[in-house]
């Protein structure tokens, strides 16, 4: 029997990196669907295209009909499906190997991994964990080696993301070069080397949380989303090469990959978790208090879908 590795099917590889055709899905390092020994039942997946359940802040009118509308927050997404294991060779060894691979991939783990699905050329992915696995040890498996597994994934973030990550970079604002003497008509004022402005487009239907990296030398790195008026501002001085990474989904602010600096947030700074791009285009302005050549802001995000 071929020896199984302990990482090939549980590694958190880039979402959709193994998918080559419609109807396939990828869980961590395991590919399922057409062209693999793991066929997805014709019933497909449940909970994948559904709106997730949600909590609501609606408040009932005490002396009238109806309620005041409040905020709604989506609950975790549950995705379920049935997988049929069909070994490539009709032998007990092949059947057991295929089952052991499935067993290894569908384990009870604490860390979320990418679950990606491709339909009609579109691949979307969620971060999820296995919440249920039922492997049927019935007569069909005992006599023919074909098994059936009912699986449920649990995604604490219910949004589905594009597999392509977008990146935008801008330097700190630089002044225009000004007029050139002697003056000639029409007057040319020059162009700014950097405006400090950048556009981030979220092509999905759900808000998405970016990761922002401020690189020194600069002091008081600040970014404002002109679309929503939300602002992130940190009272910290970054030397040349220093990086302050703000993960708005996780709510973390880290200096040079190790030290937490969330406590440097200014009083007029929004909570990191509220700094999200709504569907459409976000207009970002990078405005540090002071800066020198080389200061910049890098923004990374994915389109998000409900």
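The values are calculated or read from the model by the stated rules, or taken from the named source; none is laboratory data. None of these values were measured; they are calculated from a predicted model. All Cβ positions, glycine included, derive from the backbone under ideal geometry; neighbour counts span all protein chains shown.
Listing for the model above:
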read-out	value
Residue within the range 108-118 that is closer than 30 Å to residue 240 by Cβ and modelled with pLDDT of 90 or more present	no
Any chance residue 63 is assigned by TED's automatic domain parsing to the domain that holds residue 86, in a loop (DSSP other than H, G, I, E, B) and loosely packed, with under 12 Cβ neighbours inside 10 Å	yes
Options 96, 18, 32, 51: the member that is out of contact with any helix residue (DSSP H, G or I) (no Cβ under 8 Å at 6 or more places or on another chain) and crowded, with 19+ Cβ neighbours inside 10 Å	32
Residue tally, condition part of a strand (DSSP E or B) and in contact (Cβ under 8 Å) with a residue 24 or more places away in the chain, over the range 254-268	1
Per-region count, the range 213-224, residues surrounded by 24 or more Cβ atoms within 10 Å (Cβ to Cβ) and part of a strand (DSSP E or B)	3
Residues satisfying the stated conditions in the range 29-60, i.e. assigned to a strand (DSSP E or B) and either in contact (Cβ under 8 Å) with a residue 24 or more places away in the chain or over 28 Å from residue 207 (Cα atoms) (or both)	30, 31, 32, 38, 39, 40, 46
Breaking point among (1) surrounded by fewer than 19 Cβ atoms within 10 Å (Cβ to Cβ); (2) touching a residue at least 12 places away in the same chain (Cβ under 8 Å); (3) closer than 23 Å to residue 276 by Cβ; (4) in contact with a strand residue (DSSP E or B) (Cβ under 9 Å, 6 or more places away or on another chain), for residue 234	(1)
Condition check for residue 227: more than 24 Å from the chain's Cα centre (by Cα) and modelled with pLDDT under 95	no
First in the range 201-225 and on the phi > 0 side of the Ramachandran plot, second anywhere and outside any loop (DSSP other than H, G, I, E, B) and surrounded by fewer than 18 Cβ atoms within 10 Å (Cβ to Cβ), Cβ under 8 Å, 6 or more apart	220/237; 220/290
Residues of the range 77-120 classified as touching a residue at least 40 places away in the same chain (Cβ under 8 Å) and over 18 Å from residue 15 (Cβ atoms), total	24
The range 237-246 - residue that is part of a strand (DSSP E or B) and either surrounded by fewer than 17 Cβ atoms within 10 Å (Cβ to Cβ) or not assigned by TED's automatic domain parsing to the domain that holds residue 295 (or both) and, of those, nearest to the chain's Cα centre (by Cα)	243
Candidates 103, 77, filtered to the one that is farther than 19 Å from residue 143 by Cα and surrounded by 17 or more Cβ atoms within 10 Å (Cβ to Cβ)	77
Which numbered condition residue 87 misses (of (1) loosely packed, with under 14 Cβ neighbours inside 10 Å; (2) at pLDDT below 90; (3) in the same structural domain as residue 109 (by TED's automatic domain parsing))	(1)
Scope the range 269-295; condition assigned to a strand (DSSP E or B), crowded, with 20+ Cβ neighbours inside 10 Å and more than 13 Å from the chain's Cα centre (by Cα); matching residues	282, 284, 286, 291
